[in-house]
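Contents: one structure, followed by commentary.
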Amino acid sequence: MSTPSDATSRLHGQDLTLAYEQRVISRDLAVTIPDHSFTVIVGPNACGKSTLLRALSRTLKPAHGHVHLDGRVINSYPAKEVARRLGLLPQASIAPDGIGVADLVARGRFPHQGFLRQWSKQDEAVVAEAMASTGVSELAHRSVDELSGGQRQRVWLAMVLAQQTPLLLLDEPTTYLDIAHQMDMLDLCAQLHDERGHTLVAVLHDLNHACRYATHLIVMKEGMIVAEGHPATVVTADLVQDVFGLPVRVIPDPETGTPMIVPLDRRGVSR
Amino acid sequence: MSSTLTPRARARARQSPATPRGARPLRLFGERLSLLVRPRTLALCLVLVAVCVLTLVVSVAVGDYEIPLPAVPAAVAGYGERLDVFFVQGVRLPRALTALGVGAALGIAGAVFQSLSRNALGSPDIIGFTSGAATGAVAAILVFGASRVAVSLGAIAAGLATAALVYLLAMKNGVQGYRLVLVGIGVSAMLGAVRDYLMTRAELTEALGAQIWMIGSLNGRGWPEVVAVWVCLAVLGPLLVGLGQRLRFMELGDDTARGLGVPTGPTQAIALAGASALTGAAIAVAGPVGFVALAAPQLARRLLRTGGTTLVGSALMGAALLVVADLVAQRALAPTQLPVGVVTAVIGGSYLIWLLYTEWRGRRA
Ligand SMILES: Nc1ncnc2c1ncn2[C@@H]1O[C@H](COP(=O)(O)OP(=O)(O)O)[C@@H](O)[C@H]1O
Ligand SMILES: [Mg+2]
């Protein structure tokens, strides 16, 4: 990979209007994903987080404006070329009836395969490693439809990891996971970020997780980005009140010192 | 799951965890060629080919006028007794080849429709194509008194128009599978009413002709039909099989497929057009033979355990199903000839129920 050009990051978009047919979700949106960051997007339900992620991964074509990947408009690349640079874990995927875990994870190799190259030793090694790092190796020969929601989520992540992309966009990777597996997942993301220098973008629901893991936080409301930057500088009680309509206290996380959000106790307290 | 290791479980344990179930890597020329082969799939495809060939030979030999098997090759080549040659070249061979071609076309088309709609019911029967074609044909027969070729053309035109209508009605931010099926059922019901109305107004003989056309039959099909269906198959079959891998990715969801670098929009459009044309060709030649397009892809994926759509498997299964069904239709109640559509429903239906039953029972055990 060439080094990113001076001022601009590998992945950014300007002047974006994102819409489903006539229904505009975001207007005049500008977004930059800092290189080698662990960017977390937070915001209330239906504020357009998934829509933004879909635009950044060229799954949704902006009604106006362009997303740039490595200095070029993302839609000008061949589809497989994008998929070798940028992996997407969508919010919802469908496992076909009866498909095996290893089959599904192996699908992540598609952008690297060609007509004559369907299953090289490298494909095999990468798939094995992706399954090991997400802890699903023991499930390799089970059917995906026999798995629990949490196991399934890890299988999908393994598929995206098998894509071996330096940029990863993950839409709610921790849903369906119990607290321990949520932390495992986030630690894995942090490891990909710290040790391999991957750029990660994740939509998370838990603000405390976001504050603890993000190096760059994007806060959205009604299709707009209302705040961004390091969690320590961005997250305030006023912001959370404004964006989520929830009165909170922000205190330092006793474990990491990052901001920690504690909702005020509203029971019996008139506001 | 049993606790003792079966030989298969032991073989799995030995296999690299990364290699998909039931598959073996095959690497040649210093990795310049690397493939995953699935022995079970290959073996069962060969079995299906053998079933097709054997049934073809038997279909050509048996009938009210029996031809001894040793005399069949000569008759196929045009030597041998005149009557043998007449029956083989003029009647039975084209009929059996038509059955194979129509079955394969319906198998592929059904698999494509099911894959695109992500719904086992998403066959041309259900999403309105067949119903549209049948209505077009009935209108052509009853209202315009059309010739056979005109009936076929009317059927294709009406089938395509209906499929397009259903597609447009079901479309909202791309086509959702269940919407396609629901709209298709609604449109089919309305077209069925139109057909019934036309029938009530028709002369008895005409109504009977239209009724037989609607069940689907291979009676009296000759070389023009063979050429028509096999030319379509030769052009569209490889095109669709070539799209097969992309279709299997699109079954994971549009966003997932696009994230992996599959151009979903063009793939959907090309696959839909190709499968519609194949269905049209099959219906034009044999009428709306029921159930093959619905059952063949399901039978193939369950038998081959591919965990996804298999277009080649569906084609072979469709061909085998229809050629066997046609042999049964000719011989079961001989000399009475059954329409093949009746038999496909009985054979295909019972086989599918049996497969589903064993699969569900196996899962509970
Ligand atoms: N495929 C779609 N068609 C129409 N509207 C959609 C579609 N997907 C999402 N939306 C709408 O866009 C808005 C933003 O959705 P989304 O980006 O999924 O929100 P979030 O991920 O922040 O919860 C919502 O109002 C939702 O109803
Ligand atoms: Mg979302």
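The values are calculated or read from the model by the stated rules, or taken from the named source; none is laboratory data. Every value quoted in this text rests on a predicted model; they were computed, and no experiment measured them. Methodologically, a virtual Cβ is constructed for each residue, glycine included, from the backbone with ideal geometry; neighbour enumeration extends over all protein chains shown.
At a glance:
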quantity: Residue among B:LEU42, B:LEU28, B:LEU33 that alone is closer than 20 Å to A:PHE115 by Cβ, modelled with pLDDT of 80 or more and at the interface with chain A (Cβ under 9 Å from one of its Cβ atoms); calculated: B:LEU33
quantity: Answer residue from the stretch A:124-139, given it is part of a helix (DSSP H, G or I) and more than 7 Å from chain B (Cβ to nearest Cβ) and is surrounded by the most Cβ atoms within 10 Å (Cβ to Cβ) among those; calculated: A:ALA130
quantity: B:GLY145, sole failed condition from (1) on the phi > 0 side of the Ramachandran plot; (2) touching an Asp or Glu at 6+ places or on another chain (Cβ under 6 Å); calculated: (2)
quantity: Conditions (1) away from ligand 2 (no atom under 16 Å from the Cβ); (2) loosely packed, with under 13 Cβ neighbours inside 10 Å; number of the one not met by A:ARG27; calculated: (2)
quantity: Test result for A:VAL155, at the interface with chain B (Cβ under 9 Å from one of its Cβ atoms) and crowded, with 18+ Cβ neighbours inside 10 Å; calculated: no
quantity: Unmet requirement for B:ALA111, which otherwise passes all of (1) closer than 24 Å to B:ALA284 by Cα; (2) more than 14 Å from every other protein chain (Cβ to nearest Cβ); (3) at pLDDT 90 or above; (4) touching a Gly at 6+ places or on another chain (Cβ under 9 Å); calculated: (2)
quantity: Within the stretch B:52-131, helices (runs of 4 or more DSSP H) holding 1 or more residues that are in contact with a Ser or Thr (Cβ under 6 Å, 6 or more places away or on another chain) and hydrophobic (A, V, I, L, M, F, W, C); calculated: B:93-117
quantity: Within the stretch A:31-63, tally of residues that are farther than 16 Å from A:GLU222 by Cβ and either under 12 Å from the mean Cα position of the chain (by Cα) or more than 16 Å from ligand 2 (Cβ to nearest atom) (or both); calculated: 17
quantity: Subset of the stretch A:19-59 that is among the β-branched types (Val, Ile, Thr) and closer than 15 Å to A:GLU172 by Cα - its residue that is farthest from ligand 1 (Cβ to nearest atom); calculated: A:THR39
quantity: Selected residue (criterion: nearest to A:ALA158 (Cα to Cα)) from residues of the stretch B:238-269 that are at the interface with chain A (Cβ under 7 Å from one of its Cβ atoms) and among the acidic types (Asp, Glu); calculated: B:ASP255
quantity: Every residue from the stretch A:140-151 that is facing chain B (nearest Cβ under 9 Å), crowded, with 16+ Cβ neighbours inside 10 Å and outside any loop (DSSP other than H, G, I, E, B); calculated: A:SER143, A:VAL144
quantity: Residue among B:LEU233, B:LEU218 that alone is at pLDDT 85 or above and outside any helix (DSSP H, G or I); calculated: B:LEU218
quantity: Matching helices (runs of 4 or more DSSP H) fully within the stretch A:157-271 where at least 2 residues are closer than 30 Å to A:ARG107 by Cα and either touching a residue at least 24 places away in the same chain (Cβ under 8 Å) or more than 16 Å from ligand 2 (Cβ to nearest atom) (or both); calculated: A:179-196, A:207-213
quantity: Scope the stretch A:208-265; condition surrounded by fewer than 17 Cβ atoms within 10 Å (Cβ to Cβ), among the acidic types (Asp, Glu) and within 24 Å of A:SER26 (Cβ to Cβ); matching residues; calculated: A:GLU222, A:ASP238, A:ASP242
quantity: Of the criteria (1) within 14 Å of chain B (Cβ to nearest Cβ); (2) at positive phi, which one A:TYR176 fails; calculated: (1)
quantity: Output for the stretch A:81-123, where each listed residue is at the interface with chain B (Cβ under 7 Å from one of its Cβ atoms), of a type in the set (A, V, I, L, M) and either touching a strand residue (DSSP E or B) at 6+ places or on another chain (Cβ under 8 Å) or surrounded by 23 or more Cβ atoms within 10 Å (Cβ to Cβ) (or both); calculated: A:VAL82, A:ALA83, A:LEU88, A:ILE99, A:ALA102, A:ALA106, A:LEU116
